[in-house]
Amino acid sequence: MGFAAKIKDFFGFTGPLPEGFFDDLGDLLVEGDLGPGLAMKLVDRLQALSKKEKITEPGPLRERFAKLLEDGLVVLDPDTLVEGESPALILLLGVNGTGKTTTAAKLAARYRSRGRNPILAAADTFRAGAVDQLKIHGQRLKIRVVAHRQGGDPAAVVYDAMEAALAGGGDLVIADTAGRMHTKTALVEELKKIDRVLETRLNRTETAPMARCIKWLVLDATTGRNALSQAEIFHGAVPLDGVILTKYDSGARGGVVFSLSAELKLPTVFLCNGEGYEHIRPFDPAAFAESFAGRN
Ligand SMILES: Nc1nc2c(ncn2[C@@H]2O[C@H](COP(=O)(O)OP(=O)(O)OP(=O)(O)O)[C@@H](O)[C@H]2O)c(=O)[nH]1
Ligand SMILES: [Mg+2]
């Protein structure tokens, strides 16, 4: 049985709370990728609430629990961030295979449908085939892809894509980056360089609007607590604006989202639940907390 079904079962009975209810809840939350520290804290709070308010039935307790979860989430509306800038620049970061390239294409499709004119930047110049992979998405979606050769400088690709945007070719640059297991220094250097080249470009044309660089970390929901360690490393190296959780398909646990908020103050901005371009949606804190808490 998957986590979602288990938590539904857990709260899905009537009558008084059985002995060991709160301990069992703690164990279950750890299974849902919440992390032992946070699980314990939440269970303690819930137990205190149930005493104070004399809640003895699982139904109302489940609702309180969902609210506790929701209250702990750092919230950020990605659309306000992206649509408040022109041109806006999004850098997608993450380790190998988390879904950066697919997500870049999904975001491009999504923001185009919201009236933006996106350009994809193939800043993964590291992996063989990465540029072609993004180009295929570009062809399918009829969205421009700015690319150099494999082995080229990622910062130069982003620079060219921003040039194209500033020249009137678009108002949103979405940059796919390489999925190596970045060492801290390599990552910082790569991003600093991107910042530097953009600054040079922006100084040259005083009328050019300031490009804000939005840095989103792409995390694979199926990697569980490992995703939190990745976020710690990346966020420690370059301050991130948020997280995109991919592969949150049926059966996913997703408790790591609460740890990202509690431990790193990082908001989750999108959830992806499939390989199609439409399989992306803005993160909805209330709905996510309700579903994690096993709403029927
Ligand atoms: N089920 C599911 N699969 C996904 C999702 N997002 C991406 N994938 C798949 O995950 C695999 C890796 O996706 P990519 O977009 O290539 O990942 P990447 O981070 O760019 O990988 P590298 O460039 O190798 O680091 C592909 O098979 C995608 O189709 C998702 O939300 N759900
Ligand atoms: Mg990729």
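The values are calculated or read from the model by the stated rules, or taken from the named source; none is laboratory data. Bear in mind the structure is a predicted one, so any value in this text is a computation, not a measurement. Quick reminder, even Gly has a Cβ in these numbers, built from the backbone with ideal geometry, and neighbours come from all protein chains shown.
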What residue, of Gly72, Gly94, Gly59, is in contact (Cβ under 8 Å) with a residue 60 or more places away in the chain and farther than 26 Å from Val188 by Cα? Gly72
Of everything in region 94-135, what is hydrophobic (A, V, I, L, M, F, W, C), assigned to a helix (DSSP H, G or I) and away from ligand 1 (no atom under 11 Å from the Cβ)? Give them in sequence order. Leu107, Ala108, Ala109
Of all residues in region 77-91, how many are modelled with pLDDT of 95 or more and within 14 Å of ligand 2 (Cβ to nearest atom)? 0
Within the set of pairs 6+ apart or on separate chains, which have a first residue in region 26-42 that is within 13 Å of Leu68 (Cβ to Cβ), a second that is outside any helix (DSSP H, G or I), and C-beta atoms under 7 Å apart? Leu29/Gly255; Leu34/Gly255
Take Val157 and tell me if it is in contact with a Ser or Thr (Cβ under 8 Å, 6 or more places away or on another chain), away from ligand 2 (no atom under 12 Å from the Cβ) and in a helix (DSSP H, G or I). yes
Condition check: part of a loop (DSSP other than H, G, I, E, B), more than 13 Å from ligand 1 (Cβ to nearest atom), at negative phi and in contact (Cβ under 8 Å) with a residue 60 or more places away in the chain. Does Leu89 satisfy that? no
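Test Leu198 against the stated conditions and say whether it is modelled with pLDDT under 80, closer than 26 Å to Arg110 by Cα and not basic (Lys, Arg).
Here the answer is yes, as Leu198 does meet what is asked.
Could you check, for region 7-19, whether at least one of its residues is under 26 Å from the mean Cα position of the chain (by Cα), outside the structural domain of Lys193 (by TED's automatic domain parsing), in a helix (DSSP H, G or I) and not basic (Lys, Arg)? Write out each step before concluding.
Here is the first cut: in region 7-19, the ones under 26 Å from the mean Cα position of the chain (by Cα) are 7-8.
From what's left, outside the structural domain of Lys193 (by TED's automatic domain parsing): 7-8.
Right, trim to in a helix (DSSP H, G or I) and you get 7-8.
In the following step, the residues that additionally are not basic (Lys, Arg) were identified as 7.
Yes, region 7-19 contains at least one residue that is under 26 Å from the mean Cα position of the chain (by Cα), outside the structural domain of Lys193 (by TED's automatic domain parsing), in a helix (DSSP H, G or I) and not basic (Lys, Arg).
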In region 238-257, residue nearest to ligand 1 (Cβ to nearest atom) [restricted to those that are modelled with pLDDT of 95 or more and within 18 Å of Thr80 (Cβ to Cβ)]: Ile244
Report, ordered by the first and then the second residue, all pairs with beta carbons closer than 6 Å, sequence separation of six or more or different chains, a first member in region 139-150 that is at negative phi, and a second member that is among the charged types (D, E, K, R) and surrounded by fewer than 17 Cβ atoms within 10 Å (Cβ to Cβ). Val145/Lys135
